[in-house]
Amino acid sequence: MAEPGKGVSAGVIAKNVQKKINRAQEKVLQKLGKADETKDEQFEQCVQNFNRQLSEGTKLQKDLRTYLTAVKAMHEATKKLSELLEEIYEPDWVGREDIHSISEDGDLLWTDYHQKLVDQALLTLDTYLGQFPDIKTRIAKRGRKLVDYDSARHHYESLQGAKKKDDVKIAKPVSLLEKAAPQWCQGKLVAHIVAQSNLLRNQAEEEFLKAQKVFEEINIDLQEELPSLWNSRVGFYVNTFQSIAGLEETFHKEMSKLNLNRGEVMSQLEQQHVGKSVPVKGALSTPVKPEKSASPPVEESPPSSPLAKNDNHVPAASPTPHVPPIPKSPSQAVGQGTVSSEVAEKGAEDKAGSVASEGQPEPKNEIMDDETGADIAKSKDTLPAVVTETLPATTNGAVYDTVPSEEIEMPPGFQFKVRALHDYNATDSDELNLKAGDVVFVVAHENPEEQDEGWLMGIKESDWIQRKDLKSIKSVFPENFTERVQ
């Protein structure tokens, strides 16, 4: 004999297999249109919302875990950086204990922040998503019970439709068995057939009512639960992100205080070693100027110039390391009484030549007085007059007649006109070669945002008069090598 447990188990398995077969047959008939299917559009919309809500929650859970991983990684990186600072901080430096305390407080802040994110955000999200698997299982079960309900309904309806045919058979026997049976036996056969038909209909009705009850119980619960779950998502999202935002705000406020304290300790360390600082190669203490910045050449006065003479009683200045001067506009230098060495030399030579031709000694007020050590005064007063002389326009040393501006058609984008005070040799293909005295028309830059500070775009007046081709002859030049004349 078979064991009772095994017999029951085999019967349950057979019953389940039969259910699967009946469901498969019912679905095929429904797809072929031979059996109608019960549909609920409102419930289907609830199922779509449920699937969307589950997908969004799952993605949020994944991204929150990624965020927590990043927080932990940042914690470890910050901790290592703080430990390195403590390692290189020498014992005699001010604030050593403060640095250690700040590092410990920072480590505690990161740990607390990570743990609170887990407790108030991640665990809450896990609890929220924990209800979805059960509801998903019940939705799938409802689908199966709906197929069972449709199958039982169709079977019961088919037996109800066959009832009329059975009545006809009872009224007029048509089977061979009924015709061959004696008259007294035909009544019993009819009664048996009627009883058998009634039994089948009763069984079908019972199965139909049972399937309907099971389906409706599941369906009613889900019809109430799914909309409520869908509406709860708003409150959950609000609470979750409010918690994250609040925790992050508190963390960064506390961390900013620690960073401020660390910065103050560093300032104290700087003050402690302000007189012991050693320049570090590669460290910049002043802003880097544009790559193309250039300064006017500084020329020394020739020995024959009166400006080069020294008082024998005045000690010479000790030599100092050469420091490149900050470029200044030559126009500002002229306004302060400074002249180019070439013009000063020319004026001094002309004056010396005129005195020598007359056979008279140089005036005493133009040289250094050995007894009083007084500087020459009148020679300085004569220099500005040399600067104010009109210089002829030159190109590569050649003098040419300057055409009045009124008669020249200015190039497109003309802004103003400048004159070169010093020679400038171009160091790049897009730069302009200048000779002292060259007149340049300044034009607008095609891309103003690309124009370097201290550089202008222009075209030589001589080139413009000869060629009238702006694109091929315009270039950039340093502004502090020129002065504006118009």
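Couple of notes before you dig in:
- The heavy atoms of LYS136 offer some 120 square angstrom of accessible surface to a 1.4 angstrom probe.
- Between MET266 and GLN131, residue separation times 0.36 nm minus the direct Cα-Cα distance comes to 43.3 nm.
- Burial ranking of peptide ranges 447-454, 18-25 (average Cβ count within 10 Å, highest at the top): 18-25, 447-454
- Per residue accessible area of segment 433-486, 1.4 Å probe, in Å²: 49
- Normalised contact order of segment 423-486, rounded percent, pairs of Cα under 8 Å and 6 or more residues apart: 32
- Taking the Kirkwood radius as Rh and the Cα radius of gyration as Rg, segment 29-70 has a ratio of Rg/Rh equal to 1.40.
- Once the chain from GLU225 to TYR237 is taken as fully extended at 0.36 nm per residue, the excess over their C-alpha distance is 2.4 nm.
- Peptide packing for 433-441, 224-232 was compared via the average number of neighbouring C-beta atoms within 10 Å per residue; ordered from the highest value, the list is 433-441, 224-232.
- Extension gain for GLU409 to LEU85 (0.36 nm times residue separation, less C-alpha to C-alpha distance): 109.9 nm.
- Long pairs among LYS435/LYS471; LYS417/LYS474; LYS27/LYS141; LYS136/LYS210; LYS417/LYS460; LYS141/LYS213, criterion Cα-Cα beyond 19 Å: LYS435/LYS471; LYS136/LYS210
- Cα-based Rg / Dmax (Å) for segment 74-167: 34.2, 115
The values are calculated or read from the model by the stated rules, or taken from the named source; none is laboratory data. Everything numeric here is computed off the predicted structure, so don't read it as measured data. Don't worry about glycine lacking a Cβ; one is built from the backbone with ideal geometry, like all the others, and counts go over all protein chains shown. Heads up: the accessible areas ignore ligands, DNA and RNA and are worked out on the full protein's heavy atoms, side chains in. Shrake-Rupley method; radii C 1.70, N 1.55, O 1.52, S 1.80 Å.
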